[in-house]
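Here the structure comes first, spelled out in structure tokens, and everything after it is commentary.
Coordinate-derived values only; no laboratory data. None of the values given here were measured: they were computed from a predicted structure. Here the Cβ positions follow ideal geometry from the backbone for every residue, glycine too, while neighbour counts run over all protein chains shown.
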Amino acid sequence: MAERLRDEIRARIVETTFHPGDLLIEKALADTYSVSKTPVREALQMLAVEGWVTVIPRRGYTVSSMGFHDIREVMELRRAVEPTVAAAAAAGVTTALVTELEELLDQQVAATDHAAAVQAASLFHRRIAAAARNRRAEATLAHLYDETTRAHALLPPLATYIAADSEHAAHRDILDGIRAADPATTERLMREHLTEAESAMIAAFYR
């Protein structure tokens, strides 16, 4: 029960239904989800460990903020892990993987709103991470992808970036590297893509 509540509350933080600084009250959440306060408290404690909420003594929990340094940390970690993961996906490429990535890229290009484009782009990266068959790397990246999705929700100027031809081209190039079973090229392309994404996120933060 607590794990399910944690996932549901986290999802609302990621999509910014719960905004940075919002106070999360155990009783209110218990009423919302029709449960006792105990699993809510356990869920909030787990979210505090994960960094999604901050403990406020004698008050409860607030949704953690997301600032410039948070974005830098997220993207630095992604650059440290994701290129190697993408290379592993290319080394073990399958027809099914290529087909799925093509479909997700098509969804991103066809998306008519920011949220849909971000979801398709996130799934594109998540599918590559899963294909590497490294559970620890995949779990680490899952958290970072959620952080990235939240940044997009908090920074409306990123709608221009996620819908840009250059973003689509970067994903297409990565897909081509995977399709060609070329780990070295795929690793380089993913690193370049993440560097460009970080620049776009930082620029959006200051608009």
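A protection proxy built from the mean count of other Cβ atoms within 10 Å ranks the segments 119-127, 18-26, most packed first, as 119-127, 18-26.
The equivalent ellipsoid that matches the C-alpha gyration tensor of region 90-132 spans semi-axes of 21, 10, 5 angstrom, in descending order.
With only the Cα atoms considered, region 68-205 has a convex hull volume of 84 Å³ per residue.
Database remark: amide H of LEU24 closer than 5 angstrom to the amide H of TYR61, THR62, VAL63 (H placed geometrically; neighbours at sequence offset of 5 or more, or on other chains; Pro and chain starts carry no H). Here TYR206, TYR33 are placed in order of increasing Cβ neighbour count within 10 Å, fewest first, which gives TYR206, TYR33. Relative contact order of the chain: 26 percent, from C-alpha pairs under 8 Å at least 6 residues apart in sequence.
Taking the longest Cα principal axis of the chain as reference, the axis of helix 183-205 is set at about 50 degrees.
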